[in-house]
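Every read-out reported here was derived from the displayed coordinates using simple, explicitly stated rules and does not represent laboratory data. Predicted, not measured: the structure shown is a model, and the values here were computed from it. Every residue, glycine among them, receives a Cβ derived from its backbone with ideal geometry; neighbour counts consider all protein chains shown.
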């Protein structure tokens, strides 16, 4: 069975990350967008699956999502649409990144 950098099997890491997904306002995410560490995750992907791929350094998988647009680094042009604070998000912190999507 493959183990992650943190010595946990992928299923245990996935379960742990799934339990850490939370609902947050844009005001929580905005500072992460400003530092370039905020990523949008397409609704077709589970946040915890993306988190496992990042935490276990699955570079090919992450690169595929980046190329397909299923994982997108939030830039200022994206962030501007949420500055009104009306949109809520589900988010997951996978240091040094924060994964999110509007709900």
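Brief remarks follow.
- Segment residue 73-residue 45, extension gain: residue separation times 0.36 nm, minus the distance between their alpha carbons: 8.6 nm
- Using alpha-carbon coordinates, inclination of helix 59-68 to the longest axis of the chain, degrees: 30 degrees
- 28, 40 arranged by Cβ crowding within 10 Å, fewest neighbours leading: 28, 40
- Alpha-carbon centroids, the stretch 71-99 and the stretch 7-57: separation in whole Å: 11 Å
- On Cα atoms only, tilt of 10-20 relative to the major axis of the chain in degrees: 30 degrees
- Cα gyration tensor shape for the chain, rounded if a/c is under 1.5, else prolate or oblate: prolate
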